[in-house]
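A.B. asks: Next up is a structure, given as structure tokens.
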Amino acid sequence: MSDNSKRITIPIGPQHPALKEPGCFTITLEGEKVVNAVVGVGYNHRGLEKACESRTYIQDLYIIERVCGICSHTHSTAFCQGVEELVGVEISPRAKFIRVIMAELERLHSHLLWLGVAAHEIGFDTLFMYSWRDRELVLDMLAMLGGNRVNYGINTLGGVRRDITPEMKELIHKTLNIVEEQNKYYIDLALHETTLAARLSGIGKLSHEDAIKYGAVGPVARASMVKDDIRVSEPYAAYDQIPVKVVTDDHCDVFGRAVVRVLEIMESISMIRFALDNMPDGDLAVKFPRKVPAGEVFSRTEAPRGEDTHYIRGNGTDKPDRVRVRAASEANWHGMQHMLEGDYLADVPIIIAAIDPCYSCTDRAFIVKDLDHGDQRVWDWQSLKRYSVDWYKKRGFDASKIKLAERRI
Amino acid sequence: MSKNFFEKAVDWGRRKSPWIIHFNAGACNGCDIEVVDALTPRFDVERLGLLQQGTPRHADVLVCTGAVTLQTRDRLKQIYEQMPEPKFVLAVGSCACTGGIFDGCYCVSGGIDSVIPVDAYIPGCAARPEAIIDAVVKLLTALEQSQKAAD
């Protein structure tokens, strides 16, 4: 019996009960062990980069917020600060602080959401319900500040749209106390509950070197001792005036990623408190021109899941020439195959969930340059046929060598 | 002809315990987390008998979010066809209702109703959990009325 006959290939997805979004995983098993995993994404590709090119900058803001419903604020911040840099406008210090407060509240809600989803994947539904109940408190704060529970729409080109009043400030402080108290319980649970530690330790390994090699970002990288955080390495908005402590962990596995996230919730809470107390006075938004000069800009923010980058090219009109979004999940997918290999099939859901995957963030279009065949962006039928014939020739199937018996008519 | 005891019991079960399946046809995640939110303690839509299922073969209600992308279009059709009769479809969010801001994109075929028939539309970006619960109640009320009319 050859090796291949012992292997089973299981397709999972795109509709599957584990995650809420469509993604297809082709997992090859040898017994219970994963020997190969292929990640298939692209079901959520909506073509929004192209849509941005046909709309004005202020309309694009609306689309960019809907790249992802979970980290919408970080996308709009990256886009806004990119366009502001192109125009050369400096926004007011108060607007910068409000952006930071929103971003950190978003991190709170995203990490609590992840904690629930991860707990659900390992069959710990009580924690799922607990953390989502506490997440509602954070959503209440976001709804109060932005006016909407999910896509807050607080950013505008040149500043922010809504102010934080003293009453709001007081209410946020009060609510944060409750969230902090609850989170202390989760930290205790994550660090000291032996069942949870035994379930999460040692699976989805990504060593320090591999994390750098595969270009992991955010909590996934920080759980492998990569001290990478855009808030520190390239402070944007008001992060240069707020003390940011980067949480890292040396477990290099799913357990480490959980620890990093629950500890980051605490850091976010103290950052929001600091920002609320030290918020300067000033205007909310400055006047912003309709037309943006020609030029290109690369803007980076730290999303809850890691580094989020936007590339914007202006051409002197009110519409951008090109917008490119690379969200954090896209960077983390590259290490996924490595993380899954060698683990058991039963660990697949939690390993996938541990990077906090977001398909709507990921699904942009790519053109992969094939260096062996020159830079062919569009293949016509003839070249595709030639490629297919050559590909099979290398594997010993040459149709031109097939000799047919002569036939007499 | 009026229904016998067994048929009445099936009707009652259908009304009191509709099982749902959630499918993301290309949403931004916003409506999806609100659908899950509706299942968690603050909104707790399970008190209406709703239970989330993993497979379409066990489900009565298909809860769909997002504008339908070309990649998911065939999958959505397959999932709809796999569901047993009678089946209902909820379109959650502006994108699911009409295609929303993604309508007209090269990779989007439109709202959910461009692929499968929809029974209830829930507008909103994102649709709030309260709106989702409201739609579920309206759907169940309509089901009860149609059952009574058939009886």
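The values are calculated or read from the model by the stated rules, or taken from the named source; none is laboratory data. As the structure is a computational prediction, the values presented were derived from the model and not from experiment. Quick reminder, even Gly has a Cβ in these numbers, built from the backbone with ideal geometry, and neighbours come from all protein chains shown. Remember, those area values only see protein heavy atoms, side chains included, never the ligands or the DNA or RNA. Shrake-Rupley method; radii C 1.70, N 1.55, O 1.52, S 1.80 Å.
A.B. asks: Can you tell me the dipole magnitude for the stretch A:214-263 around its Cα centre, using point charges on the Cβ only (Lys, Arg +1; Asp, Glu -1), in Debye to the nearest 20?
C.D. replies: Result for the stretch A:214-263 is approximately 120 debye, rounded to the nearest 20.
A.B. asks: Which whole-number percent gives the relative contact order of chain A, counting Cα pairs below 8 Å spaced six or more residues apart?
C.D. replies: Working: 709 pairs, mean separation 94.2, N = 409.
Relative contact order comes out at 23 percent.
A.B. asks: Trypsin sites (Lys or Arg not before Pro) within the stretch A:161-250: which are DSSP loop residues with at most 11 other Cβ atoms inside 10 Å? Before the final figure, lay out the partial values.
C.D. replies: Details: sites: A:Arg161, A:Arg162, A:Lys169, A:Lys174, A:Lys184, A:Arg199, A:Lys205, A:Lys213, A:Arg222, A:Lys227, A:Arg231, A:Lys245; in loops: A:Arg161, A:Arg162, A:Lys205, A:Lys227, A:Lys245.
Counting only loop positions with at most 11 other Cβ atoms within 10 Å, the trypsin sites (Lys or Arg not before Pro) in the stretch A:161-250 are A:Lys227.
A.B. asks: So for the protein assembly as shown: antiparallel DSSP bridges make up what percent, rounded to the nearest 5? Could you put the intermediate results ahead of the total?
C.D. replies: Values: 34 of 49 bridges.
Approximately 70 percent, going by the DSSP bridge assignments.
A.B. asks: So for the protein assembly as shown, taking the charge dipole from beta-carbon charges (+1 Lys/Arg, -1 Asp/Glu), which of A:Tyr239, B:Gly99, A:Ile272 sits furthest toward the positive end?
C.D. replies: B:Gly99
A.B. asks: Just to be sure I follow the rule: in the stretch A:48-335, considering lysines 8 or more places apart or on different chains, how many pairs have Cα atoms under 24 Å apart?
C.D. replies: Summing the qualifying lysine pairs gives 19.
A.B. asks: Heads up, I need the accessible area for B:Asp74: 1.4 angstrom probe, whole protein in place, Å², nearest 10.
C.D. replies: B:Asp74 exposes around 90 Å² with every protein chain in place.
A.B. asks: How many Å² of accessible surface get buried when B and A come together, counting both sides, probe radius 1.4 Å, rounded to the nearest 100?
C.D. replies: Details: alone 8420 and 19830 Å², together 24960 Å².
For B against A, buried area totals roughly 3300 Å².
A.B. asks: Using the heavy atoms of the protein chains alone and a 1.4 angstrom probe, what is the accessible area of the stretch A:155-225 per residue in square angstrom? Could you put the intermediate results ahead of the total?
C.D. replies: Numbers: 3470 Å² over 71 residues.
Value returned for the stretch A:155-225: 49 Å² of accessible area per residue.
A.B. asks: Follow-up. With +1 on the Cβ of every Lys and Arg and -1 on the Cβ of every Asp and Glu, and nothing else charged, how large is the dipole of the stretch A:48-335 about its Cα centre, in debye rounded to the nearest 20?
C.D. replies: Working: 35 positive and 42 negative charges, 139 e Å.
My answer is approximately 660 debye.
A.B. asks: Per residue of the protein assembly as shown, what 222 nm ellipticity follows from adding -39500 (n - 2.57) for every DSSP H run with n ≥ 4, rounded to the nearest 500? If you can, show how the numbers build up before the last one.
C.D. replies: Numbers: 21 runs with 253 residues, N = 560.
Calculated mean residue ellipticity at 222 nm is -14000 deg cm²/dmol.
A.B. asks: Would you kindly compute the Cα radius of gyration of the protein assembly as shown and its largest Cα-Cα separation (Dmax), both in Å?
C.D. replies: 25.3, 98
A.B. asks: Could you calculate the FRET efficiency of A:Phe298 with B:Val10 from 1/(1 + (r/R0)^6), where r is the beta carbon distance between them and R0 is 56 Å, rounded to 0.05? If you can, show how the numbers build up before the last one.
C.D. replies: Numbers: r = 61 Å, r/R0 = 1.08.
Calculated transfer efficiency: 0.40.
A.B. asks: Which semi-axis lengths, in whole Å and largest first, follow from the square roots of five times the eigenvalues of the Cα gyration tensor of chain B? Don't skip to the end; give the middle numbers.
C.D. replies: Numbers: eigenvalues 149, 60, 34 Å².
Three semi-axes, in Å: 27, 17, 13.
A.B. asks: Can you compute the modelled spin-label distance between A:Ala198 and A:Ala143, with each label point 7 Å from Cα toward Cβ, in nm?
C.D. replies: 4.1
A.B. asks: How much length is gained on full extension from A:Thr56 to A:Lys401, taking 0.36 nm per residue of separation minus their Cα-Cα distance? Before the final figure, lay out the partial values.
C.D. replies: Numbers: separation 345, 0.36 × 345 = 124.20 nm, distance 5.84 nm.
Residue separation times 0.36 nm, minus the Cα-Cα distance, leaves 118.4 nm.
A.B. asks: Shielding by partners for B:100-107, please: the mean number of other protein chain Cβ atoms within 10 Å of each residue's Cβ. Don't jump to the answer; show the numbers that get you there.
C.D. replies: Details: counts 2, 9, 6, 1, 3, 9, 6, 10.
The shielding value for this peptide is 6.
A.B. asks: How high is the relative contact order of the stretch A:125-275, in percent, counting Cα pairs under 8 Å that sit 6 or more residues apart? Don't skip to the answer; put the middle values down first.
C.D. replies: Numbers: 151 pairs, mean separation 29.9, N = 151.
20 percent.
A.B. asks: If I compute solvent accessible area with a 1.4 Å probe over the protein chains, what percent of it on chain A is carbon and sulfur? Show your work: numbers first, answer last.
C.D. replies: Working: 9810 of 18230 Å².
So the carbon and sulfur contribution to the accessible surface is 54 percent.
A.B. asks: Whole-Hz ³J(HN,Hα) for each residue in the stretch A:318-327, computed from phi via Karplus 6.51 cos²θ - 1.76 cosθ + 1.60 with θ = phi - 60°, x for glycine and proline: what do you get?
C.D. replies: For the stretch A:318-327, the Karplus curve yields 8, 10, x, 7, 7, 10, 10, 10, 10, 8 Hz.
A.B. asks: Kindly list the residues of the stretch A:253-296 that lie in the label zone of A:Thr175, defined by a backbone N under 19 Å from the point 7 Å along the Cα-to-C-beta vector.
C.D. replies: The answer is A:265-279.
A.B. asks: At 10 °C and 1.306 mPa s, grab the translational diffusion coefficient of the stretch A:259-319 from Stokes-Einstein with a Kirkwood Rh over Cα pairs, rounded to a whole number in µm² per second. The partial results should precede the final answer.
C.D. replies: Numbers: Rh = 15.3 Å.
Estimated diffusion coefficient is 104 µm²/s.
A.B. asks: For the stretch A:108-216, what is Rg from Cα atoms divided by 2.2 N^0.38 Å, rounded to two decimals?
C.D. replies: Values: Rg = 17.7 Å, N = 109, 2.2 N^0.38 = 13.1 Å.
Relative to the 2.2 N^0.38 Å estimate, the stretch A:108-216 comes out at 1.36.
A.B. asks: In whole Å, what are the Cα extents of the stretch A:1-123 along the three principal axes, biggest one first?
C.D. replies: The principal-axis extents, from largest down, are 70, 35, 21 Å.
A.B. asks: Might you work out the accessible area of A:Tyr387 for me, using a 1.4 Å probe with all protein chains in place, and round it to the nearest 10 Å²?
C.D. replies: The value for A:Tyr387 is about 70 Å².
A.B. asks: Moving on. For the stretch A:48-335, go through all pairs of different Cα atoms, get the mean of 1/r, take its inverse, and jot down that Kirkwood value in Å.
C.D. replies: Values: mean 1/r = 0.0514 Å⁻¹.
Hydrodynamic radius (Kirkwood, Cα only) of the stretch A:48-335 equals 19.5 Å.
A.B. asks: A:Ala331: net charge of surrounding residues, Cβ under 10 Å, Lys/Arg +1, Asp/Glu -1, itself excluded? Before the final figure, lay out each step's value.
C.D. replies: Numbers: positive: A:Arg305, A:Arg326; negative: A:Glu307, A:Asp308, A:Glu330.
Residues near A:Ala331 contribute -1 overall.
A.B. asks: Please report how many Lys pairs in chain B have alpha carbons closer than 19 angstrom, counting only residues at least 8 apart along the chain or sitting on separate chains.
C.D. replies: 12
A.B. asks: Now a separate question. Please go through the stretch A:275-367 and write out the chymotrypsin sites (Phe, Trp or Tyr not before Pro) that DSSP classes as loop and that have at most 11 other C-beta atoms within 10 Å.
C.D. replies: Numbers: sites: A:Phe298, A:Tyr311, A:Trp333, A:Tyr344, A:Tyr359, A:Phe366; in loops: A:Phe366.
The qualifying sites are A:Phe366.
A.B. asks: Which of these, B:Gly110, B:Gly26, B:Gly54, has the largest mean-square fluctuation under a Gaussian network model of chain B (Cα springs below 10 Å)?
C.D. replies: Evaluated over chain B, the most mobile residue of the options is B:Gly54.
A.B. asks: Among the GluC sites (Glu not before Pro) within the stretch A:4-72, which fall in a DSSP loop and have no more than 12 other Cβ atoms within 10 Å of their own Cβ? Provide the component values of the computation, followed by the final result.
C.D. replies: Working: sites: A:Glu30, A:Glu32, A:Glu49, A:Glu53, A:Glu65; in loops: A:Glu32.
Filter output for the stretch A:4-72: A:Glu32.
A.B. asks: Roughly how many debye, to the nearest 20, is the charge dipole of the protein assembly as shown about its Cα centre, given +1 on each Lys and Arg Cβ, -1 on each Asp and Glu Cβ, and no other charges?
C.D. replies: Numbers: 67 positive and 76 negative charges, 368 e Å.
Here the protein assembly as shown has a charge dipole of around 1760 debye.
A.B. asks: Quick one: compute the contact order of chain B, relative version, from alpha carbon pairs under 8 angstrom and 6+ residues apart, as a percent. Before the final figure, lay out each step's value.
C.D. replies: Working: 270 pairs, mean separation 37.4, N = 151.
Across chain B, relative contact order equals 25 percent.
A.B. asks: May I pose another question? Leaving ligands and nucleic acids out of the surface, order B:Phe5, A:Phe128 by accessible area at 1.4 Å, largest first. List each step's numbers first, then the result.
C.D. replies: Numbers: B:Phe5 170, A:Phe128 25 Å².
Correct descending sequence by accessible area is B:Phe5, A:Phe128.
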